[in-house]
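Just below is one structure, and these are the notes that go with it.
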Amino acid sequence: MTEDLNPHHVARRQFDLATPFVGDLDGWRGMAEWLFQPEKIVSVTLPVEMDDGYVHTFLGYRVVHNTVRGPGKGGIRFHPSVDEDEVKALATWMTWKCALVDIPFGGAKGGVNCDATALSENEKRRIARRFIAALGDNIGPHTDIPAPDMYTDAQTMVWIYDTYHMMHPGENSLPVVTGKPLDLGGIPGRSTATARGVFFAAEHFIEIGAMPGISSLDGARVAIQGYGNAGRHAARIFRDAGATIVAVSDSRGGVHDPNGLDLTRVAAHKDEAGTVVGALGDGKLTPGEILEVECEILIPAAMENQITADNAGRVQAQLIVEAANGPTTPTADEILAERDIKVLPDILANAGGVVVSYFEWIQNLQNEQWEEHQVDELLAKKMRRATEAVVTERVALCEGLDEYRTRWQERVPDAPTLPAPTFRTAATAVAVGRTKATAEARGVWP
Ligand code: GLU
């Protein structure tokens, strides 16, 4: 049987695994559908003149998943995999992520289907500007706030800000987008925030004893799939904490050295050659092999559907810390759980980016400039608190499992036995539970 890799179906499966653990099921009264379905889907057609004069028609999407807890928040990606279902799934995960780290945003996401590696800087600029013009007032500082994601960066955020501001002169438009450069309303530490967050979550998870077998990051062997904003910074941050980075990769392949990679050499090679492949004489990995490297901690930092039914049985790590969104499929989750490999889920592990986006948004609303140490301290606090919430929730759900199973059986007699909750299920239950509670407090309008 081939696995269903549609990201929106994956999100649905994760939601369905978590909802039986959220509060009193009879109290849902149909609310589950409301909390799962996206609130708004905008799709736009973007004619863009390429450098050679050819007019290419790109497709762009912005999805607001849920605004019960606050305005939509989430990145914009430029990638060939972008379609409506991918953006819907990513927006859903943003709702859960913001609720889990307890920041006052809902979830949103956007993307343009394009191959950013084949575009010139000017072509990217025209795509970004045309996309934001086409979205019009579907984004706004109090309605839906974009940020960087795959193949978009601080420069892309400047174009987004500038285009929006052209359409709203005389207003403070800085809070319409986060991840901006420092000299245009950006906040210190935003570019490293996702990786710092991954680090704080993993460190604290180990510190509170949730990871038997690993007592410290010091000396732990770490493999990282993806050398973009999250993966590249994570390599350095984990190395600085004493971990041995045994392998890193990008979309073209990877490099592997069981004694630890020379990260300065790898980074220099990436900047020069556009890939980490070839940074060492030997020790080359194919893109898939990175996930099967011998290590204690595996950090998928690339994209969705990397750890699947096909390769989950060959993962050698004891702990997977998801820096990417949606890297592990539900079937892989089952296989990993059977093998007692723990997974710190994306909505917890990679939330550092949106947490610091939240600080940037506050900074922009108040016309302030924060200090890097303030950002880092508050980020650490948010990540640690969320990690504790997930670990505590999982303990509570496991303790009450028999009762949850009986209740679920009474409600859905033909349903298969409720699986024991993973950290993903616990995290999703916390997030959905918080959103449900706010939705109930606000009530259904009118
Ligand atoms: N794109 C990032 C994510 O997936 C950051 C989103 C944001 O800062 O709004 O979490």
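If the condition is being crowded, with 19+ Cβ neighbours inside 10 Å and either among the hydrophobic types (A, V, I, L, M, F, W, C) or under 17 Å from Ile237 (Cβ atoms) (or both), then segment 381-403 contributes Lys382, Met383, Ala386, Thr387, Ala389, Val390, Val391, Leu397.
For segment 7-19, the criterion of being part of a helix (DSSP H, G or I), closer than 22 Å to Ala389 by Cα and within 16 Å of the ligand (Cβ to nearest atom) is satisfied by at least one residue.
Out of the residues in segment 154-181 that are in a loop (DSSP other than H, G, I, E, B) and among the polar types (S, T, N, Q), state the one that is farthest from the ligand (Cβ to nearest atom).
Residues of segment 154-181 that are in a loop (DSSP other than H, G, I, E, B), as a first pass: 168-173, 177-181.
Next, only the ones that are among the polar types (S, T, N, Q) stay: 172-173, 178.
On the way: Asn172: 19, Ser173: 16, Thr178: 5 Å.
Looking at the filtered set, the residue picked out is Asn172.
For segment 54-62, state whether one or more residues are within 12 Å of the ligand (Cβ to nearest atom) and either of a type in the set (Gly, Ala, Ser) or farther than 15 Å from Pro146 by Cα (or both). No, segment 54-62 contains no residue that is within 12 Å of the ligand (Cβ to nearest atom) and either of a type in the set (Gly, Ala, Ser) or farther than 15 Å from Pro146 by Cα (or both). In the set Ala89, Ala108, only one residue is within 12 Å of the ligand (Cβ to nearest atom), within 30 Å of Val198 (Cβ to Cβ) and not in a helix (DSSP H, G or I); that residue is Ala108.
Taken together, the residues in segment 327-370 that are near the ligand (Cβ under 10 Å from one of its atoms) and part of a loop (DSSP other than H, G, I, E, B) amount to 2.
Sort out which residues of segment 279-310 are out of contact with any helix residue (DSSP H, G or I) (no Cβ under 8 Å at 6 or more places or on another chain) and small (Gly, Ala, Ser), and write them in order of number.
Gly281, Gly283, Gly288
Of all residues in segment 69-81, those satisfying the criterion of being within 13 Å of the ligand (Cβ to nearest atom) and farther than 19 Å from Leu348 by Cα are Pro71, Ile76, Arg77, Phe78, His79.
Consider Ala202 carefully, then state whether it is within 16 Å of the ligand (Cβ to nearest atom), modelled with pLDDT of 95 or more, crowded, with 24+ Cβ neighbours inside 10 Å and not in a loop (DSSP other than H, G, I, E, B). Don't jump to the end; show me each part of the working.
On the way: within 16 Å of the ligand (Cβ to nearest atom): no; modelled with pLDDT of 95 or more: yes; crowded, with 24+ Cβ neighbours inside 10 Å: yes; not in a loop (DSSP other than H, G, I, E, B): yes.
Spelling it out, it is not the case that Ala202 is within 16 Å of the ligand (Cβ to nearest atom), modelled with pLDDT of 95 or more, crowded, with 24+ Cβ neighbours inside 10 Å and not in a loop (DSSP other than H, G, I, E, B).
Taking the criterion of being within 16 Å of the ligand (Cβ to nearest atom) and touching a residue at least 60 places away in the same chain (Cβ under 8 Å), the only residue of segment 111-124 that qualifies is Val112.
For segment 125-153, enumerate the residues that are among the hydrophobic types (A, V, I, L, M, F, W, C) and either within 15 Å of the ligand (Cβ to nearest atom) or farther than 16 Å from Glu39 by Cα (or both). I'd like the intermediate steps shown before the answer.
The first filter runs over segment 125-153 and keeps only residues among the hydrophobic types (A, V, I, L, M, F, W, C), leaving 127-128, 131-135, 139, 145, 147, 150.
Once the filter is applied, which keeps residues that are among the hydrophobic types (A, V, I, L, M, F, W, C) and either within 15 Å of the ligand (Cβ to nearest atom) or farther than 16 Å from Glu39 by Cα (or both), segment 125-153 yields Ile127, Ala128, Phe131, Ile132, Ala133, Ala134, Ile139, Ile145, Ala147, Met150.
Given Ala279, Ala267, Ala210, which one is farther than 25 Å from Lys109 by Cβ, away from the ligand (no atom under 16 Å from the Cβ), of a type in the set (A, V, I, L, M) and modelled with pLDDT under 95? The match here is Ala279.
Looking at Ala128, Ala193, Ala118, Ala133, can you tell me which residue is closer than 28 Å to Ala241 by Cα and of a type in the set (Gly, Ala, Ser)? It would help to see each step written out before you state the result.
Values: Ala128 fails: closer than 28 Å to Ala241 by Cα; Ala118 fails: closer than 28 Å to Ala241 by Cα; Ala133 fails: closer than 28 Å to Ala241 by Cα.
On inspection, the qualifying residue turns out to be Ala193.
For beta carbons closer than 9 Å, sequence separation of 6+ or different chains, a first residue in segment 330-352 that is under 12 Å from Glu3 (Cβ atoms) and in contact (Cβ under 8 Å) with a residue 12 or more places away in the chain and a second that is more than 16 Å from the ligand (Cβ to nearest atom) and among the hydroxyl-bearing types (Ser, Thr, Tyr), the qualifying pairs are Thr331/Thr308; Ala332/Thr308; Asp333/Thr422; Asp333/Thr425; Glu334/Thr422. When Val430 is tested against the conditions (1) among the aliphatic types (A, V, I, L, M); (2) out of contact with any Asp or Glu (no Cβ under 7 Å at 6 or more places or on another chain); (3) assigned to a helix (DSSP H, G or I), the lone failure is (2).
Apart from one condition, Ala309 fits all of (1) within 16 Å of the ligand (Cβ to nearest atom); (2) more than 17 Å from the chain's Cα centre (by Cα); (3) in contact (Cβ under 8 Å) with a residue 60 or more places away in the chain; the exception is (1). Looking across segment 207-229, just one residue is in a helix (DSSP H, G or I) and in contact with a strand residue (DSSP E or B) (Cβ under 8 Å, 6 or more places away or on another chain), and that is Asn229. Within segment 257-305, which residues are more than 27 Å from Thr152 (Cβ to Cβ) and either of a type in the set (D, E, K, R) or free of Cβ contacts under 8 Å to residues at least 12 places away in the same chain (or both)? Result: Asp257, Asp262, Arg265, Gly281, Asp282, Lys284, Glu289, Glu292, Glu294, Glu296.
The values are calculated or read from the model by the stated rules, or taken from the named source; none is laboratory data. What you are looking at is a predicted structure, and each value in this text was computed from that prediction instead of being measured. Virtual Cβ from ideal backbone geometry, glycine too; neighbours counted across all protein chains shown.
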